[in-house]
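Take a look at the structure set out below.
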Amino acid sequence: MRILAVDHGEKRIGLSISDDSGTIANPLYVILHTSRIVDAAQVAERASAHDVQTIIIGQSFDDDGKPNKAGRIAAKFAEALRQQTSLPVELWDEAFTTQDARSARRVMGVSRKKRSGHLDEMAATVLLQSYLDSLSSPRK
């Protein structure tokens, strides 16, 4: 079961995809933001090309647990994507994905100079891995 994760940003959209078993997330691609409709069409096209069964979109929340501005934009993007594909599209809490991606680069030994820059694919990978881990952990 292949799953595609989307880290939706203002300028770039990071994509990550799971392996066939649905256990390991891997960076896939970065889409430069054009418009919601065009971006959704590009994500739907990538999902189709990679035989994906589900699409996960990262959504951020404020301290009260309500979607913040970026979270509301992600929800609107999810709705636009649902118009482009028949695949299930789910929103998933993206709390700390960018910070986790930055930490992962540090742990991997990437130099400070090379750590700066875009983390879109890596953030999508962290997002997807958290989703995959939640599927494999026993529910209480």
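Side notes on the structure shown:
- Complete set of residues in the range 54-69 that are within 13 Å of the chain's Cα centre (by Cα) and either closer than 15 Å to GLY9 by Cβ or small (Gly, Ala, Ser) (or both): ILE57, GLY58, GLN59, SER60
- Checking each residue in the range 50-86 for being under 12 Å from ILE3 (Cα atoms) and surrounded by fewer than 17 Cβ atoms within 10 Å (Cβ to Cβ) picks out HIS50, ASP51, GLN53.
- Condition met for LYS140 (of a type in the set (Lys, Arg), surrounded by fewer than 19 Cβ atoms within 10 Å (Cβ to Cβ) and either modelled with pLDDT of 95 or more or under 18 Å from GLY14 (Cβ atoms) (or both)): no
- Residue within the range 98-116 that is over 22 Å from LEU132 (Cβ atoms), in a helix (DSSP H, G or I) and at pLDDT 95 or above present: no
- Among residues of the range 2-16 being closer than 15 Å to VAL89 by Cβ and not small (Gly, Ala, Ser), the one that is surrounded by the most Cβ atoms within 10 Å (Cβ to Cβ) is VAL6.
- Hits in the range 17-37 - residues which are loosely packed, with under 13 Cβ neighbours inside 10 Å and touching a Lys or Arg at 6+ places or on another chain (Cβ under 8 Å): ASP20, LEU32
- Output for the range 30-80, where each listed residue is at positive phi and modelled with pLDDT under 95: GLY65
- Count - residues of the range 29-82 that are within 22 Å of LEU119 (Cβ to Cβ), touching a residue at least 24 places away in the same chain (Cβ under 8 Å) and among the hydroxyl-bearing types (Ser, Thr, Tyr): 2
The values are calculated or read from the model by the stated rules, or taken from the named source; none is laboratory data. Treat the numbers as computed from the prediction; the structure is a model and nothing was measured. Counting neighbours? That spans all protein chains shown, and the Cβs are built from the backbone with ideal geometry, glycine included.
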